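Reading through the structure tokens given below for one structure.
The values are calculated or read from the model by the stated rules, or taken from the named source; none is laboratory data. Nothing here was measured: the structure is a model prediction, and the numbers come from that model. Neighbour counts run over all protein chains shown; Cβ positions are idealised from the backbone, glycine included.
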Amino acid sequence: MNFDFDDDQRSIKSTAREFLASRSKFEKVRECSEGGHYDEAIWKEMIDLGWAGIFIPEQYGGQELGVVELVILQEELGYAVTPSPFFSNAAAGLMVLHAGSDEQKERLLPGVASGEATGTVGILHDGSAPLVPDAEAASFIVLAGEGDTTRIVEAGDAKIEHRDTIDGTRSFARVSGEGEEMPGDAGAGLDRACAALAAELTGCSQRAMEMAVEYAKDRKQFERPIGAYQGVSHRCAEMLLETEGARAATYYAGWAADHEPESLPAAASMAKAYASDAGWRVTASSLQVHGGIGFTWEHDLHFLLKRAKTDGHLLGGASWHRDRVAKIAGLGDAVIAQV
Amino acid sequence: MDLTLSPDEQAFRDEVRAWISDNHPGKEPEGLSEDDQWKFRVDWQRQLHEGGWAGVSWPKEYGGRGATLIESALFNEELAASRAPGPANVLALAMGGPTLIGHGSEEQKERFLPPILTAEEIWCQGFSEPESGSDLASLKTKAVKDGDDWVVTGQKVWTTYAHHAKWCMLVARTDSEVAKHRGLTYFLMDMEQEEVQVRPLRQITGEAEFNELFIEEARIPDENVIGGVGNGWMVAITTLMNERSGLAFGLQVRLKILLGQVIDLVKEQGLEKDPLVRQRIGQLYTESEIMRLNAWRGLTGIMKTGQPGPEGSLGKWHWSDINQALTEFTMDLRGPDAPATDSEFTFEFLRARANSIEGGTTEILKNIVAERVLGLPKLR
Ligand SMILES: Cc1cc2nc3c(=O)[nH]c(=O)nc-3n(C[C@H](O)[C@H](O)[C@H](O)COP(=O)(O)OP(=O)(O)OC[C@H]3O[C@@H](n4cnc5c(N)ncnc54)[C@H](O)[C@@H]3O)c2cc1C
């Protein structure tokens, strides 16, 4: 029993932290967000580091590591709110790996691993997927939904309508279209993508908490640092409780994906439900600690807040995942569907 | 990262399971008098001791099993999962013994540790006073040196099991000239003397687990000072750390058991399809799992660095939140039956109100997290 990363995993984490600290500073996030584009140079470097194929088998050009390693990268990418198609591409890779046929894997995974032909994933609601990240730049889109066949839609066959969202650090679109059926286990891919998303949310929470704590030590009102007031300090303590909770659930989901897949459905939904709430609550609470400055466009906090809120609604919101946990806990199927 | 048990750990768990299933005393019989209830728990502890399972984490030389941290955690999980009663001398086993092992002299360990294990000598914890709860270091009970003895006068309150206890872990002021944390000394006080009067305090559950102590010139021999005169604060912190961390593995399993009962209750009431009910079950299930995961994470941290990581200070706080939410939920589910006292749920619901007070209030735990983990300034 050892609930900690091994040396290799630790070095992946520290490399990612250092790389993103120098290449994905808030100035860069702001520049990309306001310009409505990604930084091609960072994305290229991420590919050169082997990130895009981190969990993809070597035969398809990946590094053949696990979901735990993917979770490690995602947490750091959330911490830095890096604008990149990393997550959407990884989610598509996970879907192809777990739901695709051998032929589909051979055809699509090399492009995902090399970043040369990226994919993305959308969840269908009434015939179209309302919130698909990075669809406009993708070469294929995996569409899945309860009661729908999971399918691969080539970019050329898809109807892609750009949508502006609160999260300027990424690009979104509504997508619909028909394509080729995927024969495998879509849930196994989606659950792993949820673990990755929960990791991003954990990273956002961690960063927002650190910013709040730092500000609370610095900012003085009534001749004292505001962090001396319990209205503020207890908020910060609660941020830690929620961030650590999200982290524990996320790491567990990553580990279950790699080593105990029978526990993955519950683990992934617990992580996604808890981290979605934590991501929102911690970033919103951090804004409160910052006072007026936290509400300005000038301040960097809103990038985290908006990324976290948006992640919370991708691949099923907290209510949808909580309901699934209740089902797995023994309550059977729902009558009223959550979104 | 490896969240599975090693073959050795698995073998240890199997051994615990086998022993418990052969020796389980069964559910506490209903309608026992308070004395017989207590006797039931004393007998159970003796049985644990005979099997070598009292003081699992204590070193072998002091009669313990010398189990590793993981083994102790597994033992506490299994014991809770079997729904066996707690051992009678729980305060001494979980807090007093480890404090003595850390700070006591060899003579003290030889004298006091064995009768803890056999439940021959029950311990209680005399920290809180009417004027000193969260601000423990402000306590006023006074100890004055008189020859080879200390003479103690003062009042303690909320003293759990004082009415069964032979020894009291007593923190008293031995020097009022120095800063409040420095003038304290940790004693073992003999409860069997006229000068210590125990008066039961009834709790909102109707039970009387805890008491008031009136101490009027009680005598404590100098050899019963633990950790040196003036070091009482540091020794007391050891006791409190053990109180807040040691029980986590039993507690998280108890949460799981309660959660299972709540899910059964949802089904009995035909509420499985109610979306609000499902949301709450989903949430409580998740939170209980997170509590379990963080308990294991904390253990990994202790093994690697000698100390729990930040999550270590969150466990007791998180547990009290979840246990209160779960027990409140049982009341909601039972509708008009809820206030009736013919169900254990009602008792547990009331008892849970103490969770965020006993062993350090949630507000104090948040202060500790803010100041020690996050490094925020103190309000002073
Ligand atoms: C069931 C039970 C069993 C117990 N058993 C024992 C025992 O065996 N031995 C023993 O010594 N004690 C025992 N206690 C006592 C327990 O440790 C104290 O009740 C606890 O430390 C709080 O002290 P208090 O009751 O005086 O409340 P107070 O300290 O007066 O607190 C009252 C309220 O003020 C808040 N507060 C106080 N200070 C601050 C602050 N700085 N910042 C923010 N909020 C603050 C508290 O959080 C609380 O909400 C037991 C208590 C219970 C409920």
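Things worth noting here:
- Residues (aliphatic (A, V, I, L, M), closer than 15 Å to residue B:267 by Cα and within 7 Å of another protein chain (Cβ to nearest Cβ)) located in the range A:306-334: A:326, A:329, A:331, A:334
- When residues in the range B:182-197 are screened for being within 15 Å of the ligand (Cβ to nearest atom) and either more than 23 Å from the chain's Cα centre (by Cα) or farther than 13 Å from residue B:218 by Cα (or both), 3 of them pass.
- Filtering the range B:98-145 to residues that are more than 24 Å from residue B:219 (Cβ to Cβ), within 16 Å of the ligand (Cβ to nearest atom) and hydroxyl-bearing (Ser, Thr, Tyr) leaves B:134, B:138.
- Number of positions in the range A:116-160 that are in a strand (DSSP E or B) and either crowded, with 18+ Cβ neighbours inside 10 Å or without any contact (Cβ under 8 Å) to a residue 60 or more places away in the chain (or both): 22
- When we screen A:84, A:88 for residues that are of a type outside the set (A, V, I, L, M, F, W, C), at pLDDT 95 or above and outside any helix (DSSP H, G or I), the only hit is A:84.
- Residues that are surrounded by 18 or more Cβ atoms within 10 Å (Cβ to Cβ), under 11 Å from residue A:80 (Cβ atoms) and of a type in the set (S, T, N, Q), drawn from the range A:22-48: A:24
- Looking across the range B:146-157 at every residue that is within 16 Å of the ligand (Cβ to nearest atom) and farther than 19 Å from residue B:235 by Cα, the one that is surrounded by the fewest Cβ atoms within 10 Å (Cβ to Cβ) is identified as B:155.
- Of the residues B:52, B:86, the single one that is surrounded by fewer than 19 Cβ atoms within 10 Å (Cβ to Cβ), away from chain A (no Cβ under 14 Å), outside any strand (DSSP E or B) and within 16 Å of the ligand (Cβ to nearest atom) is B:86.
- Criterion (in a helix (DSSP H, G or I), more than 10 Å from every other protein chain (Cβ to nearest Cβ) and not acidic (Asp, Glu)) met by exactly one of A:270, A:211: A:211
- Residue among A:254, A:245, A:227 that is among the small types (Gly, Ala, Ser) and within 16 Å of the ligand (Cβ to nearest atom): A:227
- Residues in the range B:324-357 that are within 10 Å of the ligand (Cβ to nearest atom) and free of Cβ contacts under 8 Å to residues at least 40 places away in the same chain: B:355, B:356, B:357.
- Among the residues listed as B:365, B:314, B:299, the single one being closer than 23 Å to residue B:135 by Cβ, buried (at least 17 other Cβ atoms within 10 Å of the Cβ), under 18 Å from the mean Cα position of the chain (by Cα) and more than 16 Å from the ligand (Cβ to nearest atom): B:314
- Residue in the range B:292-303 that is without any contact (Cβ under 8 Å) to a residue 40 or more places away in the chain, of a type outside the set (Phe, Trp, Tyr), away from chain A (no Cβ under 11 Å) and in a helix (DSSP H, G or I) present: no
- Selection status of residue A:319, assigned to a helix (DSSP H, G or I), hydroxyl-bearing (Ser, Thr, Tyr) and surrounded by fewer than 24 Cβ atoms within 10 Å (Cβ to Cβ): yes
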